[in-house]
Amino acid sequence: MGGRRWQVVHQGVYATHTGPIGYDDQLLAALLYAGPEAAWSHYTAAEQLGLLKPDRGRPVYVTIPERRRITSRPNLVIHRDEHWADRLALAVPPRRTPADAVLDVVSITRSLEQAAAVIAEACQSGRVSPADIARALADRPRLRHRRSLQPILADVAAGSHSLLELRYLRDVERRHGLPTGLRQRGVDGTFTDVFYVGFELVVELDGRLHLVPRQRWRDLDRDNRATLRAEATLRYGWLDVTSRPCQAAVQVLQVLRRTQPTLKARPCAPSCPVR
């Protein structure tokens, strides 16, 4: 070996090189340490399946059968599941099914909003559907946030692709009794976030700060195309929807009433400016 030494990754698991232990090495080492009945789960499975954006700062998540016991290790989170075998994907190395990986993550999220964001991002990847997640949810009667997940899955199935779009649907549209817009309408080679049919109004939602000129021009081009179609465009960011939903509702209502002056809406609180 020329004086070279193997590196200990976990007890009984070694790296046969002297360089840095990469993320892929850590993923495989976790499975080897956890034994033959182990599978990637939670964030690790979701990332490897392409459901969520990878974050190498997270620990490796592994699930093993309920009957087994394994000593915990740094940067490795081990879960046990009595339904381990029923929730495996047909893939090598072993990992959870896409729907079960999503619900694994939901089970450890602190808030319902975080759970909704995970579901929206995973479904937007196109590798899992709300129906897949709903079927897997039926087998998890004690899952955290379970009762609130069904309407979220329905909203994602209807076209809400992000937490911001879900918040707009809940806090701007529904809370103020506005008409329900059409989600993800395909037009002119692109998609509009929300389109109010019969009112010629487009609402675009973006929670990112676009400092990249290419994205800024893409947004401007989309707005210009709407104008050429004789459609009005209102654009809202994260702070608009989360901190000023009533003001956003007022603006949307003003445009809708250009077409239907007697359109009704309702204030969400005594101080709400919607009338």
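Residues in region 130-147 that are farther than 20 Å from L52 by Cβ and open to solvent by less than 50 Å² (accessible area, probe 1.4 Å): 0 in all. Looking across region 53-80, the residues that are without any contact (Cβ under 8 Å) to a residue 24 or more places away in the chain and under 30 Å from S148 (Cβ atoms) come down to P54, D55, G57, R58, P59, E66, R80.
Among the residues making up region 256-275, a single one is of a type in the set (D, E, K, R), assigned to a loop (DSSP other than H, G, I, E, B) and surrounded by 12 or more Cβ atoms within 10 Å (Cβ to Cβ): R266. Of all positions in region 222-237, at least one carries a residue that is buried (at least 18 other Cβ atoms within 10 Å of the Cβ), within 28 Å of the chain's Cα centre (by Cα), at pLDDT below 75 and in a helix (DSSP H, G or I).
Going by the conditions given, is V9 part of a strand (DSSP E or B) and under 29 Å from the mean Cα position of the chain (by Cα)?
Details: part of a strand (DSSP E or B): yes; under 29 Å from the mean Cα position of the chain (by Cα): no.
Judged against the criteria, V9 is not a match.
For region 7-61, filtered to residues that are within 20 Å of V118 (Cα to Cα) and of a type in the set (F, W, Y), the residue that is least open to solvent (accessible area, probe 1.4 Å) is W40.
Within region 105-121, identify whether any single residue is farther than 30 Å from E165 by Cβ and open to solvent by 10 Å² or more (accessible area, probe 1.4 Å), and answer yes or no. Please lay out each step first, then the result.
The first filter runs over region 105-121 and keeps only residues farther than 30 Å from E165 by Cβ, leaving none.
Within region 105-121, not a single residue is farther than 30 Å from E165 by Cβ and open to solvent by 10 Å² or more (accessible area, probe 1.4 Å).
Could you grab me the full set of residues in region 235-275 that are in contact (Cβ under 8 Å) with a residue 40 or more places away in the chain and touching a Leu at 6+ places or on another chain (Cβ under 7 Å)? Selection gives Y236, W238, V241, A249, V252, L253, V255, L256, L263, A265, V274. Report yes if V105 is aliphatic (A, V, I, L, M) and under 11 Å from the mean Cα position of the chain (by Cα), otherwise no. Yes: the conditions hold for V105.
Just for region 179-203: of the residues that are open to solvent by less than 20 Å² (accessible area, probe 1.4 Å) and part of a strand (DSSP E or B), which one is nearest to R258 (Cα to Cα)? Give the derivation first.
Here is the first cut: in region 179-203, the ones open to solvent by less than 20 Å² (accessible area, probe 1.4 Å) are 181, 192-196, 201-203.
When the remaining residues are screened for being part of a strand (DSSP E or B), the result is 192-196, 201-203.
Details: T192: 21, D193: 21, V194: 18, F195: 15, Y196: 13, L201: 10, V202: 14, V203: 16 Å.
Filtering region 179-203 for residues that are open to solvent by less than 20 Å² (accessible area, probe 1.4 Å) and part of a strand (DSSP E or B), the one nearest to R258 (Cα to Cα) comes out as L201.
Can you tell me which residue is least open to solvent (accessible area, probe 1.4 Å) among those in region 73-86 that are under 16 Å from R142 (Cα atoms) and charged (D, E, K, R)? Across region 73-86, the extreme among qualifying residues is D81.
In summary, L201 fulfils each of the numbered conditions (1) modelled with pLDDT under 95; (2) under 19 Å from G159 (Cβ atoms) with the single exception of condition (1).
Pairs are defined by a Cβ separation below 7 Å, a sequence spacing of at least 6 or placement on different chains, a first member in region 125-144 that is modelled with pLDDT under 95, and a second member that is open to solvent by less than 40 Å² (accessible area, probe 1.4 Å) and of a type outside the set (A, V, I, L, M, F, W, C); the pairs so defined are R144/S107.
Looking only at residues in region 39-56 that are out of contact with any Phe, Trp or Tyr (no Cβ under 7 Å at 6 or more places or on another chain) and part of a loop (DSSP other than H, G, I, E, B), the one that is farthest from A89 (Cα to Cα) is D55.
Contact map, region 90-110: first residue more than 15 Å from T63 (Cα to Cα) and among the hydroxyl-bearing types (S, T, Y), second residue in a helix (DSSP H, G or I) and open to solvent by 10 Å² or more (accessible area, probe 1.4 Å), Cβ cut-off under 7 Å, separation 6 or more or different chains; pairs are T109/V118.
For region 92-175, which helices (runs of 4 or more DSSP H) that fit wholly inside it have 1 or more residues that are touching a strand residue (DSSP E or B) at 6+ places or on another chain (Cβ under 7 Å)?
98-108, 163-167
The values are calculated or read from the model by the stated rules, or taken from the named source; none is laboratory data. These numbers come from a predicted model, not from an experiment. When we count neighbours, we look across all protein chains shown, and the Cβ atoms used for this are built from the backbone with ideal geometry, even at glycine. What goes into the accessible areas is simple: the full protein's heavy atoms, side chains included, and nothing from ligands, DNA or RNA. Shrake-Rupley method; radii C 1.70, N 1.55, O 1.52, S 1.80 Å.
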